[in-house]
Amino acid sequence: MGIDNNAKENAMELAKMGYITFVADIYGVDKRPQNTKEAGQQAGYYKNNYQDYHKRIQLALDQLIQAGANPDKIAIIGYCFGGTGAIEAARTNLKVKGVVSFHGGLGRNPDRYIEPIVPKVLVLHGADDFFVPEAEIKAFHDEMNKAKADWQMIYYAGRFISKLILMKNKKKSNFVIFQNWIFLLLAVFLNEY
């Protein structure tokens, strides 16, 4: 629900790996949801008004470039609502090299035209994530293939990614191993180009 400590910590880990990081606040300071119901309403708004979502993501990219990032070497990484945003950035071909979506929504309005997708796409998905039904996953696969995207989707067996993050304090050692593995995977993906 907006920028939280987890987002900041992950950005710091990526910065330690040598990347310039920027955590975008898509909601805006005065519009941050206060609970999951409000977060769902906001996400629903952007799903139905994806052009507004694209504009906000582009504004965040503009800020990153103004701060000195190389515009030819930008990737978007997002979790949940941010993961959906990463996929939307690819769908609209924002000028990024790649996108990574953790536990993001994969759905697309069926009325939208499928255009070729330029950025590389990596989707990290908990196999037990009931928020994304099988029909949505199948439609996403079909969309990526029709769009001739360079895409990968990795399933984590026995995982529901958001639950894993919420439980990190209870199972710290397992979380740290999983998190380190994901950062290694991100490094490989980001350095492929």
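Summary table below
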| read-out | value |
| --- | --- |
| Per-residue Cβ neighbour rank within 10 angstrom, fewest leading, 54, 125, 141 | 141, 54, 125 |
| Which of 61, 122 has the fewest Cβ neighbours within 10 Å, and the rest in rising order | 61, 122 |
| Stretchable slack from residue 128 to residue 12, in nm (0.36 nm times residue separation minus alpha-carbon distance) | 38.9 nm |
| Pairwise label distance in nanometres, residue 38 with residue 97, each label 7 Å out on the Cα-Cβ vector | 3.8 nm |
| Residue 63-residue 139 FRET efficiency (beta carbon distance; Förster radius 35 Å; 0.05 resolution) | 0.60 |
| Long-range HN-HN contacts of residue 149 with modeled amide H, under 5 Å | 117 |
| Relative packing of 25-32, 86-93, which averages over residues the other C-beta atoms within 10 Å, highest first | 86-93, 25-32 |
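Laboratory data are not the source of any read-out in this text; all were calculated from the coordinates shown. Quantities reported herein were computed from a predicted structural model and do not represent experimental measurements. Don't worry about glycine lacking a Cβ; one is built from the backbone with ideal geometry, like all the others, and counts go over all protein chains shown.
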